[in-house]
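My structure is below; once you've seen it, I'll send some questions.
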């Protein structure tokens, strides 16, 4: 479901290491402002009927800058802060 690898920014061509996605027991949330990551426990191994998404209280806000946390955004380029990035190579896939 998730992976770690080298990314390339399509805007400034900077290459950097990052990761995205989550696993069966956690969801990875990213701050929309500073790209800080927060993992929230979530058992996605249960059937869809039994699965309960994390609440807004469980997700919270970024502890670094107070920004909103989302689980559907790409890593941010550390050089130009663009999210227009692509995976160049994957080091590891994880569940």
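The values are calculated or read from the model by the stated rules, or taken from the named source; none is laboratory data. Computed from a predicted model, the values in this text were never measured in an experiment. Glycine also receives a Cβ, built like all others from the backbone with ideal geometry; neighbour counts cover every protein chain displayed.
Taking residue 59, is it within 30 Å of residue 8 (Cβ to Cβ) and free of Cβ contacts under 8 Å to residues at least 60 places away in the same chain?
In short, yes.
Take residue 41 and tell me if it is over 15 Å from the mean Cα position of the chain (by Cα) and more than 14 Å from residue 1 (Cα to Cα).
For residue 41, the condition - over 15 Å from the mean Cα position of the chain (by Cα) and more than 14 Å from residue 1 (Cα to Cα) - is not met.
Look at residue 73 and say whether it is touching a residue at least 60 places away in the same chain (Cβ under 8 Å) and closer than 20 Å to residue 8 by Cα.
no
Taking strands (runs of 3 or more DSSP E) that do not extend beyond the stretch 1-94, which have at least 2 residues that are at pLDDT below 90, surrounded by 15 or more Cβ atoms within 10 Å (Cβ to Cβ) and touching a helix residue (DSSP H, G or I) at 6+ places or on another chain (Cβ under 6 Å)?
none
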